[in-house]
Amino acid sequence: MNAIYILWLRQLKRYARSRARIVASLGQPILFLLALGFGLGPTFARAGRGDYVQFLAPGIIAMSILFMAVFSGIEIIWDRQFGFLKETLVAPVSRLEIVLGRTLGGATVALIQGLIVFIVCLAVGFRLPHPLLLPAGLAFMALVAVMCTAAGTALGSLMHDMQGFQLTMNLVVLPLFFFSSALFPVANLPEAMWLAVRLDPLSYGVDGLRGTITGAFAFGATTDFAVLVGLAAILLTTGAYLFSRMEV
């Protein structure tokens, strides 16, 4: 447990020291929120869908968590190249504890990032119709953070260079975001698009977050929760296995 806590704390310290990283990681969510929220807002309202910022904000929060969580996997490559990973692996702790510590640390950082974006959403006009359900929304944010950080850990354990990791992440992360229903309602979609949305694991995080803080579920709270918990467990197990077989 001490190893898990130390690695968790190390991730938080890395995040706190990197002010430029904090500011830069907020750029994309704010750009999407302002450009799409206010650019497409009138069209969304004329279609009878209501306030687009209210619909879009949960998706943007989930996006910020996704990007921060998955890209935490690049730190494995960084630590491997600069020797810190070797020092960690020779410590008298199991690799499972190392993976848990790194995953919980990365997930906590991603959750903090999501909370910052949530505050930005409030500043630009998002309102909570059901404030008492905010703790449930935080639970869905945490599940998305753990699931995506575990995925980043698994991919980071397979990759050996940062450039390859970044290219692979773009290949994986962007489709996850754009097919997650973060930007559009799922009602009346073409069949192929509906299938893509249902197969996208992030869809259940977006739907769970949107449903708990706005009351508009597409798949249902139970389905969202079950899928996220199951995928988080599978990815965490996969990440631990790949990390245990990794050579430094």
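Only the coordinates and a few stated rules stand behind these numbers; no lab work does. Note that this is a predicted model, so its numbers are computed, not measured. Backbone-built Cβ (ideal geometry, glycine too); neighbour counts: all protein chains shown.
Structure data summary
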{"read-out": "Relative packing of peptides 56-66, 164-174 - highest average C-beta neighbours within 10 Å first", "value": "56-66, 164-174"}
{"read-out": "Net charge dipole size for the chain [Lys, Arg +1 and Asp, Glu -1 on Cβ; Debye, nearest 20]", "value": "480 debye"}
{"read-out": "Label-point gap, in nm, between Leu31 and Ala233 - each point 7 angstrom along Cα→Cβ", "value": "3.9 nm"}
{"read-out": "Span-like helix ranges in the chain, DSSP H, alpha carbon extent 15 angstrom or more, Kyte mean at least 1.6", "value": "52-70, 95-123, 134-158"}
{"read-out": "Helix-only CD estimate at 222 nm, as mean residue ellipticity for the chain, using -39500 (n - 2.57) per DSSP H run (n ≥ 4)", "value": "-26000 deg cm²/dmol"}
{"read-out": "Length-normalised contact order for segment 2-244 - Cα pairs under 8 Å, 6+ apart - percent", "value": "27 percent"}
{"read-out": "Point-to-point label distance, Ala216-Leu9, nm (Cα→Cβ direction, 7 Å offset)", "value": "4.4 nm"}
{"read-out": "Binned Cα-Cα distance frequencies in the chain - 5 Å width, integer %", "value": "1, 7, 13, 18, 19, 16, 11, 7, 4, 2, 1, 0, 0"}
